[in-house]
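Asker: I have a structure here, written as structure tokens, and I will follow up with some questions on it.
The values are calculated or read from the model by the stated rules, or taken from the named source; none is laboratory data. In this text the structure is predicted, and so the values were computed from the model without any measurement. All Cβ positions, even for glycine, are placed from backbone atoms using ideal geometry, and neighbour counts span all protein chains on display.
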Amino acid sequence: MTMTPRLRKFALAVHVTTSVGWIGAIAAYIALDVVAATGQDAQTLRAAYLAMEMIAWYVIVPLAFAALLTGLVMSLGTTWGLFRHYWVLISLLLTIVATVVLLVETQTISSLADIAANPVTSGDRLSALGSTLVHSVGGTVVLLVILVLNVYKPRGMTRYGWRKQQERRMASQP
């Protein structure tokens, strides 16, 4: 099933918005994560950890699921298909991995925020909590790889895609 041109453009706009929004939300998260990794002031650290949790759960996670869902809609509703081209398949797998890692990492983020929210947690303890910077930067790199794959669309069809292409050619010949 292919989408009408109007619907395809709408779906593409939603997909690009959610995908780029996911990257943008991570950029905001990284700014707070740098503060958490380098800050010394107890109040600033508390605020950073609490804001990181809110951004993760209320912005990044919904955008991750929206990007995944709209990517599936785009692949299934266009001639690119879900299993025809390696770049689509790799993008899907990387998006799934990034989303799963995000969901696991949000547990850590929530734990850090719970410790920071406790008014009896000392400034020294807050300074020693650490950060999730490695995961947030790593996640950004993965999302940028997905973005590059989707912009450049490197050649290479899967066996399934090649077979479908041959079937279409055979059907179009008299």
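Asker: Part of a helix (DSSP H, G or I), aliphatic (A, V, I, L, M), farther than 16 Å from T17 by Cβ and at pLDDT 95 or above: does that describe A48? Before you say what the answer is, go through the steps one by one.
Answerer: Working: part of a helix (DSSP H, G or I): yes; aliphatic (A, V, I, L, M): yes; farther than 16 Å from T17 by Cβ: yes; at pLDDT 95 or above: yes.
Against the criterion (part of a helix (DSSP H, G or I), aliphatic (A, V, I, L, M), farther than 16 Å from T17 by Cβ and at pLDDT 95 or above), A48 qualifies.
Asker: Could you check M3 against (1) in a helix (DSSP H, G or I); (2) more than 13 Å from the chain's Cα centre (by Cα); (3) surrounded by 16 or more Cβ atoms within 10 Å (Cβ to Cβ) and say which number it fails?
Answerer: (1)
Asker: Checking the conditions here, which among V61, V145, V137, V88 is closer than 23 Å to V20 by Cα and without any contact (Cβ under 8 Å) to a residue 24 or more places away in the chain?
Answerer: Exactly one residue qualifies, and that residue is V88.
Asker: With the condition kept exactly as written, say whether any residue in the range 87-100 is on the phi < 0 side of the Ramachandran plot, of a type in the set (F, W, Y) and out of contact with any Leu (no Cβ under 8 Å at 6 or more places or on another chain).
Answerer: Here is the first cut: in the range 87-100, the residues on the phi < 0 side of the Ramachandran plot are 87-100.
When the remaining residues are screened for being of a type in the set (F, W, Y), the result is 87.
Now drop any that are not out of contact with any Leu (no Cβ under 8 Å at 6 or more places or on another chain), which leaves none.
Checking the range 87-100: not a single residue is on the phi < 0 side of the Ramachandran plot, of a type in the set (F, W, Y) and out of contact with any Leu (no Cβ under 8 Å at 6 or more places or on another chain).
Asker: Helices (runs of 4 or more DSSP H) wholly in the range 78-174 with at least 1 residues that are more than 30 Å from G39 (Cβ to Cβ) - which ones?
Answerer: Details: elements: 86-117, 123-127, 133-152, 159-172.
Helices (runs of 4 or more DSSP H) meeting the threshold: 86-117, 133-152, 159-172.
Asker: Right, another one. Can you tell me which of (1) of a type in the set (D, E, K, R); (2) more than 14 Å from I55 (Cβ to Cβ); (3) in contact with a His (Cβ under 9 Å, 6 or more places away or on another chain) is the one D114 doesn't meet?
Answerer: (3)
Asker: Here's a check for you: in the range 66-104, which residue that is among the polar types (S, T, N, Q) and modelled with pLDDT under 95 is surrounded by the fewest Cβ atoms within 10 Å (Cβ to Cβ)? Break it down into steps so the answer makes sense when it comes.
Answerer: So in the range 66-104, the residues among the polar types (S, T, N, Q) come out as 70, 75, 78-79, 91, 95, 99.
Next, from what is left, pick out any that are modelled with pLDDT under 95: 75, 78-79.
Values: S75: 20, T78: 16, T79: 11.
My answer is T79.
Asker: Further, regarding this structure: Identify, from the list A27, A56, A67, A36, the residue that is in contact (Cβ under 8 Å) with a residue 40 or more places away in the chain, part of a helix (DSSP H, G or I) and within 30 Å of T158 (Cα to Cα).
Answerer: Numbers: A27 fails: within 30 Å of T158 (Cα to Cα); A56 fails: within 30 Å of T158 (Cα to Cα); A36 fails: within 30 Å of T158 (Cα to Cα).
Matching residue, one of A27, A56, A67, A36: A67.
Asker: In addition: I'd like to know if the range 21-40 contains one or more residues that are of a type in the set (S, T, Y), under 17 Å from the mean Cα position of the chain (by Cα) and buried (at least 19 other Cβ atoms within 10 Å of the Cβ). Before you say what the answer is, go through the steps one by one.
Answerer: Of the range 21-40, the ones of a type in the set (S, T, Y) are 29, 38.
Filter again for under 17 Å from the mean Cα position of the chain (by Cα), leaving 29.
This time we only want the ones that are buried (at least 19 other Cβ atoms within 10 Å of the Cβ), so: 29.
Yes: one or more hits.
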